[in-house]
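First comes the structure, then the notes that go with it.
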C-alpha cells in the first residue's frame, strides 16, 4: 500500500504543470518527512526527544572527511 502511494506521489510530481510545481513540491516534502516523525510507531513531532539522535547526527556531530 505504501509503495502505491509513493508511486502516486512521484507521478504527481512529474505530471503537473510548472506553475503548480511549488504546491506539488510542498506536498512531496511533507510526505517525505512523515517517516522521520512517525517511523517506528513513535510520535517524534509531539515528543521531540525521539529526534535528538537524528538532529545531533545532522547538525552537531561533524562528519569525518
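Things to note:
- Count of the stretch 36-47 residues which are at pLDDT below 80 and loosely packed, with under 12 Cβ neighbours inside 10 Å: 3
- Any chance residue 23 is in a helix (DSSP H, G or I), surrounded by fewer than 11 Cβ atoms within 10 Å (Cβ to Cβ) and at pLDDT below 80: yes
The values are calculated or read from the model by the stated rules, or taken from the named source; none is laboratory data. These numbers come from a predicted model, not from an experiment. Glycine gets a Cβ as well: all are built from the backbone with ideal geometry, and neighbour counts include every protein chain shown.
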